[in-house]
1. If amide hydrogens are placed 1.01 Å from N in the peptide plane, which non-local residues have theirs closer than 5 Å to the one on TRP108?
2. Per residue, how big is the convex hull of segment 63-109 when only Cα atoms are used? Give it in Å³.
3. Taking all protein chains as present, what is the carbon and sulfur share of the accessible area of segment 71-178, in % to the nearest whole number, probe 1.4 Å?
4. For ARG156 and ALA54 in one chain, what is 0.36 nm times their gap in residues minus the Cα-Cα distance, to one decimal in nm?
5. Once phi is turned into θ = phi - 60°, what whole-Hz ³J(HN,Hα) does the Karplus curve with 6.51, -1.76 and 1.60 give for every residue of segment 152-158, x standing for Gly and Pro?
6. With only alpha-carbon atoms counted, please give the Rg and Dmax of segment 50-167, in Å.
7. Tally Lys and Arg at +1 and Asp and Glu at -1 over the other residues with C-beta under 13 Å from the C-beta of LEU63: what net charge comes out?
8. So, counting K/R as plus one and D/E as minus one, what does the shell of residues with Cβ under 14 Å around THR97 add up to?
Amino acid sequence: RTFPLITAVIKNASVAVQQIFFSSGNDQLKTSHAPDPHLATYLYLEDTPEEYRAAWDISEVLLAALAAEVKSSGAEFAVFYNGSMIATYPEAWRAYTDLYPQLQNESWAFDRVEELLSEVVSGQNIPFLSLQSIFLQHRDHTKDWLFIPEDGHWSRTGHGVVAESLFNWLKSKNLPCR
């Protein structure tokens, strides 16, 4: 079974930077981008638009239903938020807003998605791990980027941080981690 609304709403905005390409070696920005910013970008608006608030409400109901179904089958249910490159690296956000200058006139809150998702799952007593917080902690302690600049996916270093963090978190919650 799929839950496209959950996917659409909880999905992070890192896909929004998939059209940004950094050339190797000199970090000179090259662009090949869509005419409009990715819709997921607007999840980070400081003032959440009404249609996004409605989507969060629906997602809350769907998460509750999914959690109940998973638990009724005898399994454990937990949620983790995978963070985004633009919320981790200010220079990635600057490059993105250079491509889409209309975004520069808005107020942004890069902890907004994490905050809203945390509220939803804590209200339902669902275990929650935010990788965004972990990425922010690790960002300043490694020279390697945690994301691939060309597409916003986790880099090798990012995958290592995620694997270790997720394993440790699952163990701390007494959740299966084989």
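1. Hits under the 5 Å cutoff: GLU46.
2. Values: hull volume 5.1 nm³, N = 47.
Hull volume normalised by residue count: 109 Å³.
3. Working: 2900 of 5970 Å².
It is 49 percent, rounded to a whole number.
4. Once the chain is fully extended between ARG156 and ALA54, it gains 33.1 nm.
5. Taking θ as phi minus 60°, the curve returns x, 7, 4, 7, 4, 5, x Hz for segment 152-158.
6. Just the Cα atoms of segment 50-167 yield Rg and Dmax of 16.4, 49 Å.
7. Result for the neighbourhood of LEU63: -3.
8. Residues near THR97 contribute -3 overall.
The values are calculated or read from the model by the stated rules, or taken from the named source; none is laboratory data. Given the structure is predicted, the values throughout are model-derived calculations rather than measurements. All Cβ positions, glycine included, derive from the backbone under ideal geometry; neighbour counts span all protein chains shown. SASA here: full protein model, heavy atoms, side chains in, ligands and nucleic acids out. Shrake-Rupley method; radii C 1.70, N 1.55, O 1.52, S 1.80 Å.
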